[in-house]
Amino acid sequence: MNFDKDLFISYAHLDNKPLNPEQEGWVTRFHRTLEALLSMRMGGEARIWRDKKLSGNDVFAKEILEQFPHTALLVSVVSPRYLDSQWCKDELGAFCQAAEQSGGLEIGNKSRIFKILKLPIDSEANLPVPMQHVLGYEFYTFEDEAPLELDPDYGEKFGQDYNRKVSKLAWDVSQIIKQIQRADSPDEKDALAPGADSPVADESVKPTVYLAQCSYDLRESREKIESELKAHGYPVLPEQTLPNDEALYQQAVSQLLDRCQLAIHLIGNTSGVVLDGPSAKSAVMLQNEIAVEKCRLQPLQRCIWLPAGTRSEQPAQQAFIDALHRDGNLQTGADLITGDLETLKGAMHTALKRLESPDTEPDTPQNDSATDEKTIYLICDQRDRKATLPLRKFLRAQGFEVNIPAFEGDAAEVRTANQKLLASCDAVLVFYGLGDEAWKRTVDSDLKKIGGYRTGPALLASSTVLSEPSTSDKEELLELEPNLINALAGFSEQEITPFVSALKNGGGDT
């Protein structure tokens, strides 16, 4: 498979009409940017071509047909006009026909067709069949519910998003081109046959990651995660558009998760796509349910990202968000992350390191509960550090070692350090002061999964200290859980005594 051209850009000429005579057309700029970035990714001049001179009224050009057998990839700029253009459909059909004669439409499990969505389309079913199951690159966003192309002429943010999208496309294109360039190697020829597994994925070396579909508000974050994973050589699934039918969707997701060692779920303010089926559940919810079941049957690690303060105006989505905070079953096998995107990345890389080097995890120290000195892990918000001083002084005077969370440093290192404190302590105190309800729910979630962190004895004692400011949530907790330590009016030795007694006597929740 020796190709003279790396890729051909197919587009409707109306989509390249500049907004004013002084500007470039959108496709012209896209061509130029992709050529520059792809050349850098490949370490040599990218060979990109497109039809620049013909209009939609011309007869389908013979020179285009003659070039397709010598062209590795097709990039289609999809828009409403593209779907109505017989010219574009003819280009796609001709490329597919030529591709079947030059190695097939897939290289390993990667399509030779790339779908650039310049504007949203009504339905994937309106696309030509070879393009329907190809994952698309969305080059648009929504502003006041109206779609806008990612175009640097619309402002700096649009320009940054545009460049990031082209950069991601250039990377993916470069990987397939490099794979094609290796095709002459005898060891590679069988691997490049249609239907064969992709050698680039090298799943035996790198864990495969299922990056779950998410709602539109988190797609940019998802793309950043996907780009980072691929840049580090991790195979990322899904690689094709998943079915809209609920039953077929569940089957497809289940099969993909069977190939993965880590699943990452991003939970946003909206439900995202609701599938056609009896449950009327969103793809986000169904993916989590399927992953929960997989975790009970096979070794699958998960990260669930629920950014702090995430709330939804959709009742079903808000109920799902609340359930994720409260219901340990929905978090089965998962690490619930409520920090920013960098915190998620840190947790993701920590999980991947564990998967790649399972035998190099340092042994977690366990305290001997028979000794006089017991260790208390005092979990608090960083803003409450000073407020915990009277409590810490009293506990140390009672002969206990008291540790508070790590707050500074790399996000992954901080999270790992705090998990080790949870794994090695004899007792836990949660200091509920300036932290909000979401913070408290995250802490409660981690405590529910404490069995996954500890390999030694169970906790001897655990409780929550309610400190100022007073909130409706804390008042409700006092009504529902009378054994909490009430310090809303200030620290009291009398209130903490039952906890201290339980720890000294060797066990029991306060």
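The values are calculated or read from the model by the stated rules, or taken from the named source; none is laboratory data. In this text, all values refer to a predicted model and were calculated from it rather than measured experimentally. With ideal geometry, Cβ positions are generated from the backbone for all residues, glycine too; neighbour counts draw on all protein chains shown. The accessibility values were calculated without ligands, DNA or RNA, using every heavy atom of the protein model including side chains. Shrake-Rupley method; radii C 1.70, N 1.55, O 1.52, S 1.80 Å.
Here is how the numbers come out for the structure above:
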item	result
Number of the condition not met by residue 200 [criteria: (1) modelled with pLDDT under 90; (2) hydrophobic (A, V, I, L, M, F, W, C); (3) in a helix (DSSP H, G or I)]	(3)
Elements of type strands (runs of 3 or more DSSP E) in the range 94-146, at least 1 residues being exposed (fewer than 14 other Cβ atoms within 10 Å of the Cβ)	140-143
Qualifying residues in the range 318-360 (those that are assigned to a loop (DSSP other than H, G, I, E, B) and touching a helix residue (DSSP H, G or I) at 6+ places or on another chain (Cβ under 6 Å)) - the one farthest from residue 296 (Cα to Cα)	338
Count - residues of the range 235-249 that are touching a His at 6+ places or on another chain (Cβ under 8 Å) and open to solvent by 50 Å² or more (accessible area, probe 1.4 Å)	1
Tally of residues being open to solvent by less than 60 Å² (accessible area, probe 1.4 Å) and more than 19 Å from the chain's Cα centre (by Cα) across the range 250-279	3
Number of the condition not met by residue 149 [criteria: (1) in contact with a Gly (Cβ under 9 Å, 6 or more places away or on another chain); (2) farther than 21 Å from residue 49 by Cα; (3) at pLDDT 90 or above]	(1)
Identity of the residue in the range 493-510, open to solvent by 60 Å² or more (accessible area, probe 1.4 Å) and in a loop (DSSP other than H, G, I, E, B), that ends up nearest to residue 374 (Cα to Cα)	505
Given (1) open to solvent by 20 Å² or more (accessible area, probe 1.4 Å); (2) in contact with a strand residue (DSSP E or B) (Cβ under 8 Å, 6 or more places away or on another chain), index of the condition residue 212 fails	(1)
Of residues in the range 83-93 being open to solvent by 10 Å² or more (accessible area, probe 1.4 Å) and of a type in the set (A, V, I, L, M, F, W, C), the one modelled with the lowest pLDDT	87
Of all residues making up the range 376-394, the number that are closer than 15 Å to residue 421 by Cα and not aliphatic (A, V, I, L, M)	2
Residue in the range 239-246 that is out of contact with any helix residue (DSSP H, G or I) (no Cβ under 7 Å at 6 or more places or on another chain), outside any loop (DSSP other than H, G, I, E, B) and within 20 Å of residue 107 (Cβ to Cβ) present	yes
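Yes/no per residue for (1) basic (Lys, Arg); (2) closer than 24 Å to residue 167 by Cβ; (3) not in a loop (DSSP other than H, G, I, E, B):
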position: 234; (1), (2), (3): no, yes, no
position: 251; (1), (2), (3): no, no, yes
position: 259; (1), (2), (3): yes, no, no
position: 272; (1), (2), (3): no, no, no
position: 285; (1), (2), (3): no, no, yes
position: 290; (1), (2), (3): no, no, yes
position: 296; (1), (2), (3): yes, no, yes
position: 311; (1), (2), (3): yes, no, no
position: 316; (1), (2), (3): no, no, yes
